[in-house]
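Readers should treat all values here as calculations from the given coordinates under stated rules, not as data from a laboratory. The model shown is predicted, which means the values in this text are computed figures rather than measured ones. Counting neighbours? That spans all protein chains shown, and the Cβs are built from the backbone with ideal geometry, glycine included.
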There are 4 protein chains.
Amino acid sequence: MKVIVDLCVVPLGVGVSVSRYVALCQQVLEEAGLKISLHAYGTNIEGEYDQVFTAIRRCHERIHAAGAPRITTTIKLGSRIDREQTMEDKLASVAAQRRNLP
Amino acid sequence: MKVIVDLCVVPLGVGVSVSRYVALCQQVLEEAGLKISLHAYGTNIEGEYDQVFTAIRRCHERIHAAGAPRITTTIKLGSRIDREQTMEDKLASVAAQRRNLP
Amino acid sequence: MKVIVDLCVVPLGVGVSVSRYVALCQQVLEEAGLKISLHAYGTNIEGEYDQVFTAIRRCHERIHAAGAPRITTTIKLGSRIDREQTMEDKLASVAAQRRNLP
Amino acid sequence: MKVIVDLCVVPLGVGVSVSRYVALCQQVLEEAGLKISLHAYGTNIEGEYDQVFTAIRRCHERIHAAGAPRITTTIKLGSRIDREQTMEDKLASVAAQRRNLP
């Protein structure tokens with residue numbers, strides 16, 4: 001099953017700046033061969049369910065190993081069985097609707 | 001690694017009421033032997049990382065199989081390697097801090 | 001418009017323990033006269049839209065004033081115009097569906 | 001207080017496609033003069049706290065008025081008082097850290 005996920009990892013106990021840990025996570029996701037897109041409050045990920053969640057687990061392991069004693073993570077997960085839909089499809093769909101608005 | 005998770009599944013394309021699908025998910029989590037606690041906007045889950053996410057995957061399969069063509073899910077995930085902490089510990093910790101406030 | 005909200009505040013830059021700040025937030029919500037219910041990964045809140053969000057804003061002010069330089073917050077917000085629904089209604093609805101499952 | 005927000009609105013009871021309502025919301029945010037950036041699972045928003053939340057409230061009113069009986073919304077909210085930070089700053093900070101990784 002294909003999924004589109006939005007992942008936001010927040011390490012605690014490492015001070016006020018968390019970008020190093022977000023970069024580590026981005027590296028893990030890319031190493032996993034996943035299609036990703038970083039935005040200002042998380043990372044969009046597209047892939048097979050198990051592949052995505054295996055990579056997310058590795059993000060947590062890597063961030064803890066890099067010194068973060070605690071992590072709070074927010075994940076949004078979209079799955080659908082009626083049709084395939086990519087991240088680009090979702091954005092194109094909103095853009096098309098936007099053009100139809102008065 | 002032990003985790004505390006908050007899970008909120010929202011099936012789309014099944015009308016305005018989603019409680020049947022939340023109940024299905026609750027059943028899956030209990031069958032998995034996980035410690036859970038339902039609240040008004042999700043379900044707290046405590047368990048081993050892999051056990052929790054295997055059960056969450058089964059929730060999605062069960063909800064799709066029950067007729068929901070699309071699901072959007074929100075997951076909060078807390079992991080820590082500095083010490084073990086249960087759901088009750090977290091609530092007790094806030095309550096203790098609350099008593100110390102002026 | 002009545003809403004049911006789930007609020008999770010996470011102060012950054014204050015070390016690994018955040019319970020003092022969650023307790024402060026709980027105090028603010030109670031002072032606002034809101035109906036709340038704490039769980040292991042956030043706080044359910046029921047009330048009028050503006051009253052709830054005014055209180056959430058005060059939580060942020062209070063937490064920053066107490067020394068947190070940065071906060072990341074997750075809010076789930078449910079609104080409906082087809083009928084009134086309380087937090088207890090939502091839980092009762094899932095429990096009723098649960099009894100109907102095979 | 002400046003904030004960076006990630007907003008994801010999900011109307012229920014309107015079928016499986018929700019892009020029309022996301023487009024409506026995007027229109028409201030732009031009318032409010034806010035700086036926004038759409039991604040595949042939500043919309044990043046940057047602005048003053050009250051201005052952002054006033055616009056989010058109008059999104060909900062507009063979506064209900066357009067026929068959605070129920071909405072579930074996920075909001076991530078970042079606030080900091082140690083320094084100003086834009087959405088571009090956050091992305092640049094992660095990119096810089098990424099270049100430093102082995």
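Treat every Asp and Glu Cβ in chain A as -1 and every Lys and Arg Cβ as +1, leave all other atoms uncharged, and give the resulting dipole magnitude about the Cα centre to the nearest 20 debye.
300
Enter the mean number of other protein chain beta carbons within 10 Å of the beta carbon of each residue in C:59-72, as an integer.
4
With its label point defined 7 Å out from Cα along the Cα-to-Cβ axis, A:PRO102 lies at 5.0, 5.5, 6.2 nm from the matching points of the other copies, in increasing order.
Label-to-label distances for C:ASP50 across copies, nearest first, come out at 1.3, 5.4, 5.4 nm, using points 7 Å from Cα in the beta-carbon direction.
Divide the volume of the convex hull around the Cα atoms of the protein assembly as shown by the residue count and you get 129 Å³ per residue. Hey, could you get me the Stokes-Einstein D for chain B, Kirkwood radius over alpha-carbon pairs, 20 °C and 1.002 mPa s, rounded to whole µm² s⁻¹? Value of D from the Cα-based Kirkwood radius: 146 µm²/s.
Just add up the charged neighbours of C:ASN44: K/R +1, D/E -1, any other residue whose Cβ is under 10 Å from the Cβ of C:ASN44.
+1
For the segment B:89-95, counting C-beta atoms of other chains within 10 Å of every residue's C-beta and taking the mean gives 5.
Relative to its Kirkwood radius, the Cα radius of gyration of region D:3-59 gives an Rg/Rh of 0.96. Around the Cα centre of the protein assembly as shown, unit charges on the Cβ atoms of Lys, Arg, Asp and Glu (plus for the first two, minus for the last two) sum to a dipole of about 0 debye.
A straight line joining the Cα centroids of region B:1-45 and region C:28-43 runs 21 Å. Ordering A:ASN44, A:VAL22, A:LEU101 by Cα displacement along the dipole of chain A toward the positive end leaves A:LEU101 in first place; charges were set at the Cβ atoms of Lys, Arg (+1) and Asp, Glu (-1). Here the contact order of chain A, divided by its residue count and restricted to Cα pairs under 8 Å and six or more residues apart, works out to 43 percent.
Chain D versus the axis that turns it onto chain C: the residue with the nearest Cβ and the distance in whole Å amount to D:ILE75, 2. Dividing the summed -39500 (n - 2.57) terms of all DSSP H runs of n ≥ 4 by the residue count of chain C sets its mean residue ellipticity at 222 nm at -14000 deg cm²/dmol. About its Cα centre, the dipole of region D:1-61 is roughly 120 debye, where the only charges are +1 on Lys and Arg Cβ and -1 on Asp and Glu Cβ. Compute the signed sum of charges (Lys and Arg +1, Asp and Glu -1) over the other residues within less than 14 Å, Cβ to Cβ, of B:GLU88. The answer is 0.
Peptides A:17-28, D:80-91 ranked from most to least packed by the mean count of surrounding Cβ atoms within 10 Å: A:17-28, D:80-91. Around A:ALA23, with a cut-off of 11 angstrom between Cβ atoms, what is the net charge of the other residues, counting Lys and Arg +1 and Asp and Glu -1? Counting the neighbours of A:ALA23, the net charge comes to +3. Inter-copy label distances at B:GLN85, using a point 7 Å along Cα-to-Cβ, come to 2.0, 3.1, 3.5 nm with the shortest given first. When region D:10-82 is described by a simple charge dipole with +1 on each Lys and Arg Cβ and -1 on each Asp and Glu Cβ, the residue from D:ALA66, D:LEU12, D:LEU77 located farthest towards its positive end is D:LEU12. Across the cross-link table entries B:LYS90/C:LYS76; B:LYS35/C:LYS2; B:LYS90/D:LYS2; C:LYS2/D:LYS2; A:LYS76/D:LYS90; B:LYS76/D:LYS35, which are compared at the Cα atoms, the separations over 24 Å belong to B:LYS35/C:LYS2; B:LYS90/D:LYS2; C:LYS2/D:LYS2; B:LYS76/D:LYS35.
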